[in-house]
Each structure stands twice: as structure tokens, then as C-alpha cells.
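Every read-out reported here was derived from the displayed coordinates using simple, explicitly stated rules and does not represent laboratory data. Bear in mind the structure is a predicted one, so any value in this text is a computation, not a measurement. Cβ atoms come from the backbone with ideal geometry, glycine included; neighbour counts cover every protein chain shown.
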Amino acid sequence: MKKLLALLLVAVMAISVVACAPGTNTPTPTDAPKVEYVDPFKDITNYDELSAAVYEEVLGDFYAAYQTALAEKNPSKRYALMGIAEAKLLGAGIFLPTTSQGGTYQMTKVAPYTNTPILYGNDTYRFHDRIVTAEPIKADDIATMKAKWNEIKGTGTYEEWVKTYLGEQGYTIEDTATFYFDANLNFWDVLATSFAADSEILVQTYDGLTEVDMENQEQPALALSYTVSDDGLTYTFQIREGVVWVDNQGRKVADLTADDFVAGMQHMMDVAGGLEYLVCAGCANIVNADEYVAGEVTDFAEVGVKAVDAYTLQYTLTEVTPYFPTMLGYGVFAPMSRSYYESMGGKFGADFDDTAESYLYGKGPDSIAYCGPYVVTSYTPNNSIVLQANESYWNAENINLKSFTYMYTDGSDSQKMYDDFFNGVVDTMGMNTERVTIAKSAGTFDDYAYVSDTDATTYCGFFNLRRAAFVTGEGIGQSPKTEEQIVRTGAAMLNQNFRLALATSIDRGTYNAQSVGEELKLTSLVNSYTPGNYCYLSEDVTVAINGTDKTYTAGTAYGQIVQDQLDADGIKLTVWNGTASSGFDGWYSKDNAAAYMAKAIEELKAQGIEVSAENPIYIDLPVNTTTETAKNMKQAMKQSIEDATGGCIKCNLVEYATRDDYLAATYRFEVGKDANYDLNDGSGWGPDYGDPSTYLGTMLPNYAGYMTKSLGIF
């Protein structure tokens, strides 16, 4: 991934123009000395060095604070220090948190909480426990089942209670289901992908060591049990015997053993699909994981994962990691049949080469092995994915869905999606403003529409700090900006006050209302990267806030510490309102946007960049034009930015005619230099385990952080 970046070299003439802060009209004297803008990074031609320099300039304070947090051994103090680091991240103004998943009107035939509602990992995507009815479930019944879940969770009785309750209410329980999907798979190798769109499908094909059930309780899966050494550094798992690997025709290809987890871990590190950092220092802390990924250790036997015998698996860590068990449900810990992988041309270590003609593994559903509840029997891009129960699955008699289908939609035909739901074609329906209108007109809204729960996903509007791509493919997504405008935007994006002006200029409520309607426009809004209620202190701790010691008592929410540090830094954001970090807009403020813009104008002028309503900074916003909702959301964003900044920022809506082209420019790129936007809201992060580092670690430099590429670097 480490390639040279050809820097854009343009000569920029200083221009005397009318410079103004929003709401003012103060002319620049005609005899004022002219300053020519000098790119502070103009002499750096190596892409890695350039990315590192930009990162240090913009995120150096965050990185230093985060390293301090990682070094802390006390869990509560670690949480507090991570809260300080998060404040430095948010205060840098490199992105704008937008929404979580959920918090929207929905209709469904799936009983609530019949898959785990846990906030992290991949278990929430698993379908084998879901209870699906033939009829749409009424909103009142959804509410009754949710209340019962809260009453009896942890007793192991919810599943049977739901089945009884639905029967008593006249519903028919089915063992097949159909759901929508809207993005084709990029990878069929779960250990090679970092895309949620891939993982949501592939998690059906394998089991992990443990699994969190529908009552949020950890249950044995491929591991019957595990023990932890007295020093907290060694986890030993007893692997379930009798589990087999099959191909997508259900034919046995191998027995599953402890060594398959070793093979999976090594392959995950070899392929370097973007999530290998999860097992390195600061996350899982597996011995020599960093060194193997960096190429400093080449013998995988030196890495802290080994098969002690055929059915005993052991992980050894460099330091005590209390949240390690919460990581086991994520794809990086998935097993892989070593023998099947090798039969498909796969190799390990220095011999790994997924570009070799002989390498066939993971090219499609017929080139992976399955040990989970389902096998993929059919896949047609932009059409359907069909999964059938794996007859050889170790727990086959206890799965509720015997088959299910994903049916493709680009979301453009709201009437068809509504009709599909009520005609029995699909079993869930998210409701945008168009479908809400249809349902109200049809008289079904009051009976069946309910507000879905929000989760811990954080979508963001990412700012491209060092944009290098101005077109995607041949003429797709071409930026309309001139070379001079490109340079001016690049200079502005390096200015913290400009970024904060941009971040606080976006009326996220109006933006979100285009999708979910005016009534729910604030419900799914989030204000921090890590949810403020993601963790709480378990004991009193004292930390320094800008040099002044502050003691936080046991029970203090993570979000409170983030807010205190932002306040101490003078950053005008509200990310924690005392009880929550979501459900309100703590960023948008025309007054704050104007104040930040005025500071940015002054600072940019000193660098030779004059900014005014007559000579604005232009930013490109990519738009997926396949849906009216997407177009309306970007139009709302454009209007809000231009209004709140007094026209000192102008937005170009860059249109993409297909969803795949849009995703290529905004989501599916592998390195930051391929990010074709100035501001993009098409990506986000969902947590992998139960610690704030699952979010903050995605913003590390040197390819260690998965989301850093969304900033146009690494």
C-alpha cells in the first residue's frame, strides 16, 4: 500500500479580494502586502512521509494522549485517559460525527432481540437464532417483547417465551426469511476483509470460539471452555471435538482442530486486509503480533497463538488485557481450514501471494470452507445471496432459520420496497421519509411502524486533509475545481479553525430529516466517536485536565471526561449533556461556525490565502444520485454550510450515477490518496470489542488505524 504520491505542483498568485468573516464586509486595503501561499509539505514527495507529516501536524496531540492512555494498566484510569484522548481527536475537527444505525421508523416480521443486541463484534449479524413470522408484527407487540426482554434477560428463557407469545397473538413462525442487501461483496475471505457489508454475510459461514446470545450472555461455540492464567497473560481454550469443515455443497473437506485458529490468525496477518492492528499492541496485545505484521518476526511459531494439541488452543498476551474475551466474536479470530486453504493454492508467511494464478481461495462462495450454521449456495451480484442450513453444523438442531435470502436493492424504489414487505417478499423494511408517507397513506403506519433501537455505530463526515484524487475511474466523479481552487482548499483543510467552522456549520438535524423525517431527525444523531455511555469508571480516579488534577468518582461516564477536556481546551462542542451523547445536536451552531470562520480567515490570510464570500473555499461533496433521499441530504448539507459560513465556503455536489461508483470513491478505497472528496459522509465505524480503543485505535498513523485513510492519508 505504500506508494509514492505525485504531488500537485501549481503556482498560486496572491489575489487582492474582499476578505470577510460571515456577516461582515471589511475590505482588504489595496496596498496591503501580498503574501504568496507556500505549501508546508511541498518538499515531501514520498507518500508515507507526507502522510506522517500531515498526521503529526493535525493529530499529534491526540496521538500523544492516546499513547498515554494505552500505557495505563488501571482500567478506570485508562478509560479516563482515553476520554482525554478522544477530546483531542474531536477538537482537531477532522470529522463530524453524524448518526448511528437505528433510531428510525421500521416495520418487521423479526421478533426483537432474537439476535444479540450487543454493541460490538459480529455476533449481532448472526441470523440463526432469529424468530421470523409470516405476518408483519404490530408495534404494540414489539414494545411488549422488548419490555419482557428487559425483565427476563439473563435467565435463558426469552427465546421460548417469544415463541409462545407470538403464537398466542396469532402469528405464524416461519423457518425461512428474506432481507435486503445494498452492496455486493468485495471479499469472500472473512479474514481478508474490513468491510461490514462483507462481514454481515460471511459471519453466517463460521462460528467463533464463543458467541454472545440473544440475552447478551457469553456462550460456548467452537470452544467448550477457557481458562486464564494467574498472571492474566495466557488464555487456554478447549476446542469442541467433532466439528467439520464443508464446502458450499455440504461435502466434508476436513475436521476442525485448534490448528485452524492458528492458520486463520496467520492468514489474517499475511493478507493485511486492514484489521490486523486488532491483535497488536494497544488492542489484543498478542505476543509478537506487531513484529510479525512488520516483518521483523518471520517464524509464526514465535507469535502468541499456538495449538497445544489437536483440541487445545492458547493465546499469550504481552500485557493484561481485561477486554480480551470481548474480542473473540470478531472476524479476526475466525478459524480457517488449513488443509482446504492450501488445497486452493493458499500459502503462508513470505510465500503468501494472493495475486498468484494458482491462488483460488476466497474468490467466491465455492472457494471457502464452512464450519458455521449456513453455507452460501447461490450468489448473483446486484441480485441475490442464498444461504441454506449447514446439515453438518454441530448445533444444527437448535437454529431457528433453516434458510434465508438476501435480495439486492439500491433503495431507489420506495413503493416497491413497501409492497415487497406487505406482499411477503421481504421480512424487514427500514422507512425513509418516502416510505413513511406511503405507509401513512395506506393506513399501516400506526399499527406497524416502530422506532428501532440505535446501536454503537458512528457514521461520520470525514474531512480530506491531503486530497490527491480528483476523479474516480475514467471521468467518474470528476471534481469541477480549478487548480487554484484545489490548492486553496488544501491549505484550508490544514487549518484547525477552518475545519471546526465546517464541522459546526452543518445542521445535522435538517440533514438527517431528509432520511428519517422531521419527527425523528435528532433520535439517531451522535456527538462523539465513542458513545459517551460506552463505559463507566468502576473506581475513583484522578487525572490531569490541562495540568490541573481532577478526580472522577466511580460510576462517571466516559462522555463526561470527554466533555470536560473539550471545555478546558475551549472547543465549542457539546458531546455529553450529562446523561447521553446522542439524541441531540451538540455541534451545529451558526454563531460558533462564524467565530471559527473568522479566525480561519485571519490565519489563512497570513499564509497568503484570501477568503471571502466573493473568493470562497470550494469543497466537493459526493452524491449518490440513485435515491432522492441521498440527493436531498447532500443538498441540505450544502445549504447549511454555505449559510452558516456566510458563503465563505461553497459546496460542489459531485454526482455519481451508480451506488458502486459512489462507494468506490467514498468507502471501498484502500489508501487515503484514493479518497475522492473533500467531505464525505459515506463511512463510519462499529466497535469490535468492549473498550474505547476499539474506536480510537482506528485513527492511528502508519496504516495501523483503519479509518485514518478516510482523512486522505495512509
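Summary of computed values
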item: Proportion of all alpha-carbon pairs of the chain beyond 48 Å (%); result: 16
item: Largest-first principal axis extents, alpha carbons of the range 411-472, Å; result: 50, 27, 20
item: Alpha-carbon centroid distance for the pair the range 358-425 / the range 162-229, whole angstrom; result: 12
item: The chain: calculated mean residue ellipticity at 222 nm from DSSP helix runs of at least 4, using -39500 (n - 2.57); result: -9000 deg cm²/dmol
item: Mean-position separation - Cα centroids, the range 255-309 and the range 447-493, in angstrom; result: 34
item: Mean Cβ neighbour count within 10 Å, used as a protection proxy, ranking 161-167, 450-456, 273-279 highest first; result: 273-279, 450-456, 161-167
item: FRET efficiency for Thr377 and Lys34, using Cβ-Cβ distance with R0 set to 56 Å, rounded to 0.05; result: 0.20
item: Å³ per residue enclosed by the Cα convex hull of the range 352-467; result: 242
item: Simple label model, 7 Å out from Cα along Cβ direction - Glu670 to Thr312, nm; result: 4.0
item: Rg in Å to one decimal, and Dmax rounded to a whole Å, for the range 476-621 via C-alpha atoms; result: 18.8, 56
item: Viscosity 1.306 mPa s, temperature 10 °C, Stokes-Einstein D of the range 382-540 from Kirkwood C-alpha radius, µm²/s; result: 76
item: Too-long pairs where the Cα-Cα distance tops 30 Å, listed order kept, from Lys634/Lys709; Lys34/Lys88; Lys363/Lys402; result: Lys34/Lys88
item: Distance histogram in 5 Å bins (all Cα pairs of the range 179-381, percent per bin); result: 1, 7, 15, 21, 21, 18, 10, 5, 1, 0, 0
item: q = 0.13, 0.21, 0.22, 0.23 Å⁻¹, the range 561-628: log10 I(q)/I(0) [Debye, one scatterer per Cα]; result: -0.63, -0.97, -0.98, -1.00
item: Using distinct alpha-carbon pairs, which all enter the 1/r mean, Kirkwood radius of the range 609-714 in Å; result: 15.4
item: Separation between Cα centres of the range 576-633 and the range 522-574, rounded to whole Å; result: 24
item: Ranking of Lys638, Lys363 by count of other Cβ atoms within 10 Å, fewest first; result: Lys363, Lys638
item: 20 Å Cα cut-off, lysine pairs counted over the range 504-607 (separation 8 or more, or different chains); result: 4
item: Gain in span if fully extended, Asn546 to Glu484, counting 0.36 nm per residue against the direct Cα distance; result: 18.4 nm
item: Hits among aspartates and glutamates - C-alpha to C-alpha of Lys638 under 13 Å, sequence gap 8 or more where chains match; result: Asp507, Asp620, Asp678, Asp681
